[in-house]
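Scroll down for the structure; my scribbles are underneath it.
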Amino acid sequence: MAHHQFSQSVETFIGDAAQYLALPEGLAERITQCNSTYTVRFGVKLRGRIFSFEGWRSVHSEHIEPAKGGIRYAPDANLQEVEALAALMSLKCALVNVPFGGSKGALKIDPSEWTEDELERITRRFTQELARRALIHPGRNVPAPDMGTGEREMAWMADEYRKMGHADALNSLACVTGKPVSRGGIEGRVEATGRGLQYALRAYLAHPATPMIAGRKSLKDMTVVVQGFGNVGYHAAKFLREDGAKIIGIVEHDCAIFAPAGLDVEAVAAHRRATGSIMNFAQAETRTADEGLTYMAADILIPAAKENAITEANCDLVNYALIVEAANGPVSAGAEQILTQRGITVLPDLFINAGGVVVSYFEWVKNITHLPFGLMDKRQKAHTGGVFAAALEQVSGRPLTDAMRLEITRETSELDLVRSGLEEIMVRALDDILARHATLPEASLRTAAYAVSIARIAEYYRAIGL
Ligand code: GLU
């Protein structure tokens, strides 16, 4: 079964990395399993009757609290999937060095079947159930958006949590991340995963230790196919295009569109807003969803939908030089082995899509400090810039151009700070992966990334005496 395959993949990946590490006996097993998974079933009165819902919140590791990770709304959500995703969150947070354990949640629901009011009532009930068990809690477990959820759901959760009344009411805003900016969120959280992917991919391509992809060291003129046009896929496509890549295909659940000359990502998004699908986008050829991953070869594939997009069943037919895992778990362990033999490189999910949780970390810090980023030194910096500009003019004896002066004295916005912090973290994580990889030349980049994470988690355990 597909969800079994996903958890088995994660288990295989952990085992592959553990063999290179001198871990205490039994620790690899501990890291493979989740600490606990809570299953909740609750009824909500809607449309004149009671509807039952089933959901989960799994805590993979509490070696650092709070545990962190999204909540997805999907009709095929299940316990095994949630547990595998929670394990990935622990590894992801360790890789990018954000001080969280790993968690994940899901509600088995098709959001398109319910009105906004109904979804709000369901979400508020779900929040109550989780909050009662500290599975939503600023210091213990902090959910975020995932597939099928977004700012709206996070705002409902934060509001419901606040209404329930807590001893630590001061920090209640920090109970979830991914909130709207007007409700305690942070600039740049919505774009964060796509933006992080852009920084990660740029840094990977440009790095002196990495091989050329399609004869190049940058995204300029690279051809890209994106699978999944949700929040992550849309932003990834948009930002890579800004870097000069050509998005030649977008694959969705109901169809795929291709245009060898490159798609106008904003126009595709507008078409979908107007018609509900990317199907029949005028400047492209529409194919079936099944053909999506194999119809056209490209330099880069970005699977940004869900787990097991590429398995042993279809990997022989995919034709890309580089696969960049924007989703969690899109390439199965079996498929990765075959792809590697074919010389196809996979950039692993725990690195590539970590931008989401990184900016969630910034949001959480903003909430618990109760101080907007950049407030204290904003004027100080503008003043220093002004002094610097005047000094330059005096020493050089020439006036600065308006553009120069503006650039030197420009105020730093929250978004500037978020992007700068995110880029720093992504570049550092890449350096850590590549340094580890240099000592394990036979291993995949995924194994190197897992090794970095597992070694860090093991170190935490060692330090607390477990
Ligand atoms: N759901 C996202 C992920 O899989 C974000 C998690 C978070 O921000 O806590 O990484």
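Just so you know, all these numbers are worked out from the coordinates, no wet-lab data involved. Just so you know, these numbers come straight off a predicted model, no measurement behind them. A quick note on method: Cβ atoms are made from the backbone with ideal geometry, for glycine too, and the neighbour counts reach across all protein chains shown.
Things worth noting here:
- Annotation: amide H of residue 61 within the under-5 Å range of 35, 102, sequence separation 5 or more or interchain, hydrogens built in the peptide plane.
- Under 23 Å from the Cα of residue 108 - lysines, other chains or at least 8 residues apart: 45, 68, 179, 306
- Residue order, fewest to most surrounding Cβ atoms within 10 angstrom, among 395, 44, 251, 324: 395, 44, 324, 251
- Straight-line cross-link reach from residue 217 at under 15 Å between alpha-carbon atoms covers these aspartates and glutamates, not counting any fewer than eight positions away in the same chain: 243, 299.
- For region 17-115, the set of trypsin sites (Lys or Arg not before Pro) satisfying both a DSSP loop assignment and a count of at most 15 other C-beta atoms within 10 Å is given as 47.
- Inverse mean reciprocal Cα-Cα distance (Kirkwood Rh) of region 312-390, Å: 16.5 Å
- Fewest-first sequence of 34, 175 by Cβ atoms within 10 Å of each Cβ: 34, 175
- Lysines with Cα under 18 Å of residue 378, excluding same-chain neighbours fewer than 8 positions away: 366
- Overall form of region 121-196 per C-alpha gyration tensor (a/c, 1.5; a/b vs b/c): prolate
- With the convex hull of its Cα atoms as the shape, the chain has an orientation-averaged projected area of 25.2 nm².
- Highest mean first, the peptides 192-201, 128-137 sorted by other C-beta atoms within 10 Å per residue fall in the order 192-201, 128-137.
- Rounded to 5, the percent of DSSP beta bridges in the chain classed as antiparallel: 50 percent
- Residue exposure sequence - 238, 163 - by fewest surrounding Cβ within 10 Å: 163, 238
- Residues whose placed amide H lies under 5 Å from that of residue 329, excluding near-sequence neighbours: 349
- Per-residue ³J(HN,Hα) for region 443-449, Karplus 6.51 cos²θ - 1.76 cosθ + 1.60, θ = phi - 60°, Hz, x for Gly and Pro: 7, 7, 5, 5, 4, 4, 5
- Derived scalar couplings ³J(HN,Hα) [region 55-70; Karplus, 6.51 cos²θ - 1.76 cosθ + 1.60; whole Hz; x for Gly, Pro]: x, 9, 9, 10, 10, 7, 8, 10, 4, 9, 10, x, 7, 9, x, x
- Backbone phi angles across region 309-324, fed through the Karplus curve with coefficients 6.51, -1.76 and 1.60 (θ = phi - 60°), yield HN-Hα couplings of 5, 10, 10, 4, 5, 10, 5, 5, 9, 7, 10, 9, 7, 9, 10, 10 Hz in residue order; Gly and Pro are listed as x.
- Here the sum of -39500 (n - 2.57) over DSSP H runs of 4 or more residues, divided by the residues of the chain, equals -14500 deg cm²/dmol at 222 nm, to the nearest 500.
- Within region 275-356, trypsin sites (Lys or Arg not before Pro) in DSSP loop having at most 13 other beta-carbon neighbours inside 10 Å: 342
- When the GluC sites (Glu not before Pro) in region 424-461 are filtered for DSSP coil states and for at most 10 other beta-carbon atoms within 10 Å of their beta-carbon, the remaining sites are 442.
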